Amino acid sequence: MVVNTVNNEEVHIKEAQASTIENLISQSLRIGVGISALVIAIGFALLLFTGQTGYAGPFFPVKMGEILKGLIQLKPYAVIDVGLILLILTPVFRVAASVVVFWREKDYTYVIINLLVLLMLAVGFLAGKAG
């Protein structure tokens, strides 16, 4: 029985590259969750420290412009909103990164699947914004 060592080495190299890419994506998810948790904690600390939301009455920002303006002014609710937005975008980033990874690996079936997932996420975000 003859074993083709060149092909086996190529397989090991591809497995190592895939493992590295999976680790990077996994690490990016952890970092994204950590950053969003930190931003939410800062917003919560501001809320506790000031005793105010930063907005009059029951109002809270819902449009990106309002949220960003409130963030610049360090309004607690806006800071918390930014943390939540980062938390929501973290897995979206993972799906987008997967598209790039699968494209580079020429695994077009998974490119299409991930693009469909991104499309569904975009439709969901737009439907949520419209509704």
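Read-outs throughout are calculated quantities, based only on the coordinates presented, and are distinct from any laboratory measurement. In this text the structure is predicted, and so the values were computed from the model without any measurement. Glycine also receives a Cβ, built like all others from the backbone with ideal geometry; neighbour counts cover every protein chain displayed.
Converting phi to 3J(HN,Hα) with the Karplus coefficients 6.51, -1.76 and 1.60 and the offset θ = phi - 60°, the stretch 63-75 yields 9, 4, x, 5, 5, 5, 4, x, 4, 4, 8, 6, 7 Hz in sequence order, with x at every glycine or proline. Using θ = phi - 60° in the Karplus curve 6.51 cos²θ - 1.76 cosθ + 1.60, the 3J(HN,Hα) couplings for the stretch 100-117 round to 5, 4, 5, 5, 5, 7, 6, 9, 5, 4, 6, 4, 5, 4, 5, 5, 5, 4 Hz; x is entered for Gly and Pro.
If you take the square roots of the eigenvalues of the alpha-carbon gyration tensor of the stretch 5-130 and sort them as a ≥ b ≥ c, do you get rounded (a/c under 1.5), prolate (a/b over b/c) or oblate? Oblate shape, in that a/c is at least 1.5 and b/c is the bigger or equal ratio. Modelled label positions at Arg104 and Lys129, each set 7 Å beyond Cα in the direction of Cβ, lie 2.9 nm from each other. Once the Cα-Cα distance is subtracted from the 0.36 nm per residue extended length, the Val33 to Leu121 segment shows a gain of 29.8 nm.
Pop the C-beta distance of Leu24 and Ile85 into the FRET formula with R0 = 35 Å and round what comes out to the nearest 0.05.
Numbers: r = 23 Å, r/R0 = 0.65.
Efficiency computed from Cβ-Cβ geometry: 0.95.
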